[in-house]
Amino acid sequence: MNKSQFNRLKKALDQGKSNNNAASVDAQIRQLAQQKAAEIRAEQRQKAWFRRKAMSFASAFSLAITITAASLLIMSHLTAVPELELFADTPSTTLSNERQSTITIARSIDSLPPGMLATPVVRAQSRFYSADEILQEFSLPSPTALARRMNLDTSADRWAIVSSLSSALADISAMIGVGEFEQARQRYQRLRQSCANCQLPNSLEELTLVSLAPEGNI
Amino acid sequence: MSDETLMRLYGRGEAKAFDVLYQRYKGRLYTFLYRLCGDHAIAEELAQDAWLAVIRQATNYQVTAKFNTWLFRIAHYRLVDYWRKFGSNATVIMEELSEQALRSRDRATEGLELQELVEMLRCLPPNQIETLLLKIEGFGREEIAEITRAKPETVKSRLRYASKQLRAAMEMRA
């Protein structure tokens, strides 16, 4: 079929285009189209309603969350528990008044005769104490009291040192309690090595008498 | 307003947009179906099915193809289903052209040309007549391919084959 024949055919068929649906079919199709349009509009109204409700619920919900969070924050500030002083001095770690008054410590350990195991002696009132006797007679200071004497920057530092001192001093105290003085001294030296910031005295006996010295000096 | 805009408006619930579209295409669609199935009642039924499909798909309509391509594609599917069940009957075109040829008695040449075209069309299978009619409706090769779900090369082949058959028929008559 050439172009001319095609155009002729097209013209002929275009002239014949008088066919159409029956009127009843027309009416039916239009009615169904209107029904569908009404359904679509109803669905859109419903979606819009849900959207509005969801928005208002979301804003109310977020407001409620904000108010609750603010209330909890305020309440937490009002009911804050004051910092507890752990390991506070107990009666067992304090010295009686009479012993605190006149005690001096012999620090020149090197000058002691050999064989005495560097046992510093303490002159208190009318008697000398041997090293073992010092450990037996005088109680170890509390970790908190020790920490108070140190020059620490923050309370976090203080807390960390108190924690490491408390377990070591508990061990040492237990060893002294069963007469294991050398083990106690060795344990103390390990503590000193592990806690360079603690500024602890050279010997366990000096530590024992620390609480008798004025605060600020170890 | 374009067909696609009208269809989108209908998808949002504007019933009047559908009325405009329906008015634009109801005649063309019906005539196309009637020429390929040969029966008024069948053509009405097929056309009604096609329009109902358009109504049902209103909210899903995507502007990926032109509205008329989409509409005729729906009609094509209905037609193919009908041909499968009842066979094709494209004699309507022949009758239409023959009637016109007779009316063109006074213009002899014109009448003869139409008669020749009728004879040519008788040789063609239904899918080729459909392709031809879609071309007459103004669809391009790509659009015809989309409507008939064929490849553009297949559409080209059909049109070329139709021309070849028609030429052969003419030579035989001569």
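Derivation of every value follows stated rules applied to the coordinates shown; laboratory data play no part. Keep in mind that what you see is a predicted model, and the values were worked out from it rather than measured. Note that each Cβ is placed from the backbone with ideal geometry, even for glycine, and that neighbours are counted across all protein chains shown.
Structural remarks
- With neighbour counts taken as other beta-carbon atoms within 10 Å, the residues A:H77, B:H40 rank, fewest first, as A:H77, B:H40.
- Members of A:K3/B:K135; B:K26/B:K156; B:K85/B:K164 lying beyond 19 Å, as alpha-carbon distances in this model show: B:K26/B:K156; B:K85/B:K164
- Under 14 Å, Cβ to Cβ, from A:A168 - net charge with Lys/Arg +1 and Asp/Glu -1: +3
- In order along the stretch B:124-138, the Karplus-derived 3J(HN,Hα) couplings, from 6.51 cos²θ - 1.76 cosθ + 1.60 at θ = phi - 60°, round to 8, x, x, 5, 6, 5, 4, 4, 5, 5, 5, 5, 5, 5, x Hz, and Gly and Pro are given as x.
- Karplus (6.51, -1.76, 1.60) ³J(HN,Hα), θ = phi - 60°, over the stretch A:61-71, in Hz, Gly and Pro reported as x: 5, 5, 5, 4, 4, 4, 5, 4, 5, 5, 4
- Cα pair distances in the stretch B:20-77, grouped into 10 Å bins until the bin that holds the longest one, percent each: 23, 58, 18, 1
- Under 5 Å, built H, 5+ apart or other chain: amide partners of A:S130: none
- The phi-based Karplus calculation (6.51 cos²θ - 1.76 cosθ + 1.60; θ = phi - 60°) puts the 3J(HN,Hα) values of the stretch B:8-23 at 5, 5, 4, x, 9, x, 8, 5, 5, 4, 5, 4, 5, 4, 4, 5 Hz, whole numbers, x for Gly and Pro.
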